[in-house]
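**Student:** Please find one structure pasted underneath; my questions will follow.
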Amino acid sequence: NAGVTQTPKFQVLKTGQSMTLQCAQDMNHEYMSWYRQDPGMGLRLIHYSVGAGITDQGEVPNGYNVSRSTTEDFPLRLLSAAPSQTSVYFCASSPADPGNTIYFGEGSWLTVV
Amino acid sequence: AQSVTQPDIHITVSEGASLELRCNYSYGATPYLFWYVQSPGQGLQLLLKYFSGDTLVQGIKGFEAEFKRSQSSFNLRKPSVHWSDAAEYFCAVGGGSNYQLIWGAGTKLIIKP
């Protein structure tokens, strides 16, 4: 089972460049989300979606855009990369009912120089 | 304010010894409680979760956790750790949708041979 697939796994960007982190899930989950993980700060929610065509902001949305045109895909776009966006990014999905298991991708390591 | 505290940033345990990882939370109602594990270079995987009922919850890989309402705690335990348990462990709490989870900062478990 593929589960949640993120690409790329590693990326180095120059300040000001844009890029898209891809995320796909094959479990037909309604919820999808993007987190960033920084040392000592746990996971912080960037954006989330409760279904195709519906997205909303999380705790740290500035500098990122998302869209959800299909149930399966939830790409994260960095509009103009900044060194502060150097982080590990995780895509996740889960069924809609509260308390369901969240399934995570393996992470994308992004460095902005 | 709602929060999750994992007081220990790092814990070192000898292989075969017992383990307890602490999680304290502040939440307005009885929350859903989760423990996730992140192996090096990987995404997060659910270890166990508590919704209601028996306050001692069994999870995968021989882990268990006990919900103590009076202490606002949900500590993770394992009677005998293995080298493969070396990972980072995250506690999370929530009461509504999965995108509203509050994450602890994580505890890194180091196993001494």
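The values are calculated or read from the model by the stated rules, or taken from the named source; none is laboratory data. Computed from a predicted structure; not experimentally measured. We place every Cβ from the backbone using ideal geometry, glycine too, and count neighbours over all the protein chains shown.
**Student:** Taking the condition touching a residue at least 40 places away in the same chain (Cβ under 8 Å) and either within 11 Å of chain A (Cβ to nearest Cβ) or within 22 Å of residue B:2 (Cβ to Cβ) (or both), does residue B:74 pass?
**Tutor:** Values: touching a residue at least 40 places away in the same chain (Cβ under 8 Å): yes; either within 11 Å of chain A (Cβ to nearest Cβ) or within 22 Å of residue B:2 (Cβ to Cβ) (or both): yes.
So residue B:74 fits the description; yes.
**Student:** Right, here's the next one. For the stretch A:36-54, enumerate the residues that are aliphatic (A, V, I, L, M), more than 14 Å from residue B:103 (Cβ to Cβ) and more than 8 Å from chain B (Cβ to nearest Cβ). Give the steps one after another, and end with the answer.
**Tutor:** Kept after step one, since they are aliphatic (A, V, I, L, M), are these residues of the stretch A:36-54: A:41, A:43, A:45-46, A:50, A:52, A:54.
From what's left, more than 14 Å from residue B:103 (Cβ to Cβ): A:50, A:52, A:54.
Within the stretch A:36-54, A:52, A:54 meet the criteria.
Yes or no, residue by residue, for (1) surrounded by 15 or more Cβ atoms within 10 Å (Cβ to Cβ); (2) among the β-branched types (Val, Ile, Thr); (3) within 15 Å of the chain's Cα centre (by Cα):
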residue	(1), (2), (3)
A:12	no, yes, no
A:23	yes, no, yes
A:49	yes, no, yes
A:55	yes, yes, yes
A:76	yes, no, yes
A:84	no, no, no
A:95	yes, no, no
A:98	yes, no, no
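**Student:** Within the stretch B:6-38, count every residue that is under 24 Å from residue A:90 (Cα atoms), modelled with pLDDT under 95 and among the β-branched types (Val, Ile, Thr).
**Tutor:** 1
**Student:** Could you please find all residues in the stretch A:74-113 being in a loop (DSSP other than H, G, I, E, B) and within 14 Å of chain B (Cβ to nearest Cβ)? Can you show your working first?
**Tutor:** Here is the first cut: in the stretch A:74-113, the ones in a loop (DSSP other than H, G, I, E, B) are A:74-75, A:79-82, A:86, A:95-102, A:105-107, A:113.
Within the stretch A:74-113, A:74, A:95, A:96, A:97, A:98, A:99, A:100, A:101, A:102, A:105, A:106, A:107 meet the criteria.
**Student:** Of all strands (runs of 3 or more DSSP E) completely enclosed by the stretch A:1-73, which ones contain at least 3 residues that are under 15 Å from residue A:108 (Cβ atoms)? Quick ask: steps written out before the conclusion?
**Tutor:** Numbers: elements: A:4-7, A:10-13, A:19-25, A:31-37, A:43-51, A:54-57, A:64-66.
Where strands (runs of 3 or more DSSP E) fall fully within the stretch A:1-73 and carry at least 3 residues being under 15 Å from residue A:108 (Cβ atoms), they are A:4-7, A:10-13, A:19-25, A:31-37, A:43-51.
**Student:** Restricting attention to the stretch B:41-60, does a residue exist that is within 14 Å of chain A (Cβ to nearest Cβ) and basic (Lys, Arg)? Write out each step before concluding.
**Tutor:** Step one: of the stretch B:41-60, the residues within 14 Å of chain A (Cβ to nearest Cβ) are B:41-53, B:57, B:59-60.
Among the residues that remain, those that are also basic (Lys, Arg) are: B:49.
Yes, the stretch B:41-60 contains a residue that is within 14 Å of chain A (Cβ to nearest Cβ) and basic (Lys, Arg).
**Student:** Among the residues of the stretch B:30-54, which ones are of a type outside the set (Ser, Thr, Tyr) and in contact (Cβ under 8 Å) with a residue 60 or more places away in the chain? Step through it out loud before you land on a result.
**Tutor:** Looking only at the stretch B:30-54, we keep the residues that are of a type outside the set (Ser, Thr, Tyr), and these are B:31, B:33-35, B:37-38, B:40-49, B:51, B:53-54.
Across the stretch B:30-54, the qualifying residues are B:31, B:33, B:34, B:38.
**Student:** Give me the residue from the stretch B:102-113 that is over 16 Å from residue B:72 (Cα atoms) and not in a strand (DSSP E or B) and, out of that set, farthest from the other protein chains (Cβ to nearest Cβ).
**Tutor:** From the stretch B:102-113, those over 16 Å from residue B:72 (Cα atoms) are B:105-113; that's our starting set.
Then keep just the ones that are not in a strand (DSSP E or B); that gives B:105-106, B:113.
Values: B:105: 4, B:106: 6, B:113: 26 Å.
Checked the stretch B:102-113; the qualifying residue farthest from the other protein chains (Cβ to nearest Cβ) is B:113.
**Student:** Still on this structure, I have one more. So, in the stretch B:85-101, how many residues would count as being closer than 17 Å to residue B:75 by Cα, in contact with a Pro (Cβ under 8 Å, 6 or more places away or on another chain) and at the interface with another protein chain (Cβ under 8 Å from one of its Cβ atoms)?
**Tutor:** Final tally of qualifying residues: 1.
**Student:** Is at least one residue of the stretch B:66-78 in a loop (DSSP other than H, G, I, E, B), in contact with a helix residue (DSSP H, G or I) (Cβ under 8 Å, 6 or more places away or on another chain) and within 22 Å of residue B:10 (Cβ to Cβ)? Steps first, answer last, please.
**Tutor:** Here is the first cut: in the stretch B:66-78, the ones in a loop (DSSP other than H, G, I, E, B) are B:72.
Subsequent filtering for residues that are in contact with a helix residue (DSSP H, G or I) (Cβ under 8 Å, 6 or more places away or on another chain) retains none.
There is no residue in the stretch B:66-78 that is in a loop (DSSP other than H, G, I, E, B), in contact with a helix residue (DSSP H, G or I) (Cβ under 8 Å, 6 or more places away or on another chain) and within 22 Å of residue B:10 (Cβ to Cβ).
**Student:** In this structure, is residue B:65 farther than 30 Å from residue A:51 by Cβ, under 11 Å from the mean Cα position of the chain (by Cα) and crowded, with 20+ Cβ neighbours inside 10 Å? Even if it seems obvious, please write down each step before you answer.
**Tutor:** On the way: farther than 30 Å from residue A:51 by Cβ: yes; under 11 Å from the mean Cα position of the chain (by Cα): yes; crowded, with 20+ Cβ neighbours inside 10 Å: yes.
So residue B:65 passes the test.
**Student:** Those residues that are in a loop (DSSP other than H, G, I, E, B) and farther than 25 Å from residue B:1 by Cβ, I need them from the stretch B:29-54; list them, please. Don't jump to the end; show me each part of the working.
**Tutor:** Start the filter on the stretch B:29-54 by keeping residues that are in a loop (DSSP other than H, G, I, E, B), which leaves B:29-31, B:39-43, B:51-54.
B:39, B:40, B:41, B:42, B:43, B:53, B:54 - these are the residues of the stretch B:29-54 that are in a loop (DSSP other than H, G, I, E, B) and farther than 25 Å from residue B:1 by Cβ.
**Student:** Can you confirm whether the stretch B:8-15 contains a residue that is in a loop (DSSP other than H, G, I, E, B), touching a Gly at 6+ places or on another chain (Cβ under 6 Å), touching a residue at least 12 places away in the same chain (Cβ under 8 Å) and of a type in the set (A, V, I, L, M)?
**Tutor:** no
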